[in-house]
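Taking it in order: structure first as C-alpha cells, then the write-up.
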Amino acid sequence: MARVLEGGDRVADPVRDALYLTVQTRFILIFILLCGMSLWMVLDSARARSPRPSLVMVRRMVVMVVIGGLLLFAYPGNILLEYGVVGLLMLPVVLLAPRWATLAGGAALTVVAYAMFGGGLPSVPGLVLLGAGAAAFGLPRALESSGRAVVVVFAVAAVLTVPALLWQLTAPGDPRFSAAGATAGLVVAVLYTTGLALLWRTPARRMIAAAFEPLGRLALTNYVGAAIVMAFAASVVDFGHMTSVTPVVALSVALIVVQSLLSRLWLTSFRYGPVEWLWRTATWLRPVALRRETPEAAGARTVTLPA
C-alpha cells in the first residue's frame, strides 16, 4: 500500500501498527500447526479405512496444491499452495517416523528456522511436523482437559509477551520481515491458543462456539471465498493507494460476520462446505454424502422387524 508522502516520510497508521502487534505473524503460526495436526488426524483415519493410507494422503496434499494453484489467479499470496507442497515433502516423515521423532524433528527444525532465518517460510516444515507430532501425542485433547498445564503455559506466554512486543517495537515495520516480529508472533500465538483453551471451559464457550464453529467447519471454503471476494473488491476500490488499512479491516470484519452467518445457514442443510466436499471426495476417491439427512428421510428407511 502507498504509505509514503511526497517528501518521502512514512505515513502514520495506528490501525496498521495495531495489526502488526496483534495479528501479523500470530495467526499464521496457528494455521500451520493446524495443518500439521490435520495431516496426522487424516492419516490416522486413513490407516483404519484404507489398505494404502499413503496414497490417500498424497491425493489429499496434491488436491490442496491444485486448489492453491487455482486460487493464485485471485490471491497470489494464498497459503494453500505452500501448505500442499510442504505437506507432500513432510509426508514421508509423518508416515514412517515414530511420533516422538516427528515431534522432536519438528521442534528442532522450528528452533533452527527461528534462530537462523527469523521464522518465515523456512519455519513451515518444522511447524507442520510439530503440529503432526503434537496431534499424535494428543495435544487437542490436552488443551481441553489438562487444566493446570494449560494455565502454566498461558501464564508463561503472558509474561513473555511484554518483552517480546517491546523487542518487536525495536524493529518497526512488518513483523514478517524481522526476527523480533516473528518471535513475538510465536509467543503471542501460544498466548492466544492457551487463552482460548481456558475460555473454552467457561460459560463464554457457547458464545465463542456460536460465532466461530461454523467458520471453522467451513474453513477452506471460507478462505477461498474470502480471497475471491477481496480480490474483486480490490478491483473495484483502489486500496493500493490508500494511506490507511482501516477500509480493508472494516471490509474484513464485515466479511467474517457474513461468512459466520452463511456458514451456520449452510450447515443446517449440508455436512461439509463445497470446497471441503470436493477435497474429501478427491482424497478418498469416492463421493461422500453432502446433504444432511432429514428426520423424514431417515424414518422412511427404518425397517420395522416383526416381534
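The values are calculated or read from the model by the stated rules, or taken from the named source; none is laboratory data. Since the structure is predicted, the reported quantities are computational estimates derived from the model, not experimental observations. Heads up, the Cβs are rebuilt from the backbone with ideal geometry, glycines too, and the neighbour counts pull from every protein chain shown.
Looking at the structure I just gave you, is ALA234 of a type outside the set (Val, Ile, Thr) and under 22 Å from LEU70 (Cα atoms)?
Working: of a type outside the set (Val, Ile, Thr): yes; under 22 Å from LEU70 (Cα atoms): yes.
Criteria met by ALA234.
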What pairs come up if the first residue lies in the stretch 153-166 and is in contact (Cβ under 8 Å) with a residue 60 or more places away in the chain, the second is buried (at least 17 other Cβ atoms within 10 Å of the Cβ) and among the β-branched types (Val, Ile, Thr), and their beta carbons are under 9 Å apart, counting only those six or more places apart or on different chains?
LEU165/VAL187; LEU165/VAL188
Does any residue of the stretch 278-290 turn out to be in a helix (DSSP H, G or I), at pLDDT 95 or above and small (Gly, Ala, Ser)?
no
If we scan the stretch 166-183, do we find a residue that is touching a Leu at 6+ places or on another chain (Cβ under 6 Å) and modelled with pLDDT of 90 or more?
no
Does the stretch 111-136 hold any residues that are crowded, with 20+ Cβ neighbours inside 10 Å, aliphatic (A, V, I, L, M) and free of Cβ contacts under 8 Å to residues at least 24 places away in the same chain, and which are they?
ALA113
Can you name the number of the only condition in (1) among the hydrophobic types (A, V, I, L, M, F, W, C); (2) in contact (Cβ under 8 Å) with a residue 40 or more places away in the chain; (3) over 30 Å from ARG292 (Cα atoms); (4) surrounded by fewer than 18 Cβ atoms within 10 Å (Cβ to Cβ) that ALA233 fails?
(2)
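Go over the candidates ALA74, ALA108, ALA97 one by one and state the one that is more than 18 Å from the chain's Cα centre (by Cα) and touching a residue at least 60 places away in the same chain (Cβ under 8 Å). Quick ask: steps written out before the conclusion?
On the way: ALA108 fails: touching a residue at least 60 places away in the same chain (Cβ under 8 Å); ALA97 fails: touching a residue at least 60 places away in the same chain (Cβ under 8 Å).
Result: ALA74 is the single residue among ALA74, ALA108, ALA97 that is more than 18 Å from the chain's Cα centre (by Cα) and touching a residue at least 60 places away in the same chain (Cβ under 8 Å).
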Checking the conditions here, which among ARG26, ARG16, ARG52 is among the basic types (Lys, Arg) and either touching a Lys or Arg at 6+ places or on another chain (Cβ under 7 Å) or free of Cβ contacts under 8 Å to residues at least 12 places away in the same chain (or both)?
ARG52
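Looking at the stretch 210-217, can you tell me whether even one residue there is among the basic types (Lys, Arg), closer than 26 Å to TRP200 by Cβ and in contact (Cβ under 8 Å) with a residue 12 or more places away in the chain? Lay out the reasoning, then the answer.
Looking only at the stretch 210-217, we keep the residues that are among the basic types (Lys, Arg), and these are 217.
From what is left, the residues that are closer than 26 Å to TRP200 by Cβ are 217.
Filter once more, so that each one left must be in contact (Cβ under 8 Å) with a residue 12 or more places away in the chain: 217.
Yes - at least one qualifying residue is present in the stretch 210-217.
Would you point out which residue out of VAL248, VAL224 is more than 23 Å from LEU130 (Cβ to Cβ), hydrophobic (A, V, I, L, M, F, W, C), without any contact (Cβ under 8 Å) to a residue 24 or more places away in the chain and buried (at least 18 other Cβ atoms within 10 Å of the Cβ)? Spell out how you get there, then give the answer.
Details: VAL224 fails: without any contact (Cβ under 8 Å) to a residue 24 or more places away in the chain.
Only one candidate qualifies: VAL248.
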Would you pick out the residues in the stretch 263-277 that are surrounded by fewer than 16 Cβ atoms within 10 Å (Cβ to Cβ) and in a helix (DSSP H, G or I)?
LEU265, PRO274
Residues (within 30 Å of PRO51 (Cα to Cα) and part of a helix (DSSP H, G or I)) located in the stretch 95-112:
LEU95, LEU96, ARG99, TRP100, ALA101, THR102, LEU103, ALA104, GLY105, GLY106
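Quick one: count up the residues across the stretch 15-57 that are closer than 21 Å to ALA107 by Cβ and charged (D, E, K, R). Break it down into steps so the answer makes sense when it comes.
Looking only at the stretch 15-57, we keep the residues that are closer than 21 Å to ALA107 by Cβ, and these are 25-41, 43-44.
Subsequent filtering for residues that are charged (D, E, K, R) retains 26, 44.
Looking only at that region, the number is 2.
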Let me confirm something: among PHE73, PHE31, which residue is surrounded by fewer than 20 Cβ atoms within 10 Å (Cβ to Cβ) and under 22 Å from GLY216 (Cβ atoms)?
PHE31
